[in-house]
1. Is there any pair with a first residue in segment 56-76 that is among the aromatic types (Phe, Trp, Tyr) and a second that is not in a helix (DSSP H, G or I) whose Cβ atoms are under 9 Å apart and which are 6 or more apart or on different chains, and what are they?
2. Does any residue in segment 16-35 that is farther than 13 Å from residue 64 by Cβ come within less than 8 Å, Cβ to Cβ, of a residue that is in a loop (DSSP other than H, G, I, E, B) and modelled with pLDDT under 95 six or more places away or on a different chain, and which pairs are these?
Amino acid sequence: MTSLIIDSSDFASRIPENLSNIRKQQRYTQKAIADLAGVDPNYYAKIERGEGVPSLKTLYKIAKALNVSITDIVGY
């Protein structure tokens, strides 16, 4: 059986770009997604800039707002 080892720095580095790309493909503003996810717009902007690493709970809320899976956001 093969194990999947995920480097946490790689995991965190994918989130900002993937979030931004998904959001832009769906033609949402950062504020709109933040509002739909129930996240502070300034915090959401920091996540997209790579200045904040969201909790799993926050990732879930954002994924739900974007109608995608968490794996789409983290890129695995």
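1. Close Cβ pairs satisfying both conditions: 76/4; 76/6.
2. Taking only residues 6 or more apart or on different chains, the pairs are 16/50; 18/75.
The values are calculated or read from the model by the stated rules, or taken from the named source; none is laboratory data. Because the structure is predicted, anything quoted here is derived from the model rather than measured. With ideal geometry, Cβ positions are generated from the backbone for all residues, glycine too; neighbour counts draw on all protein chains shown.
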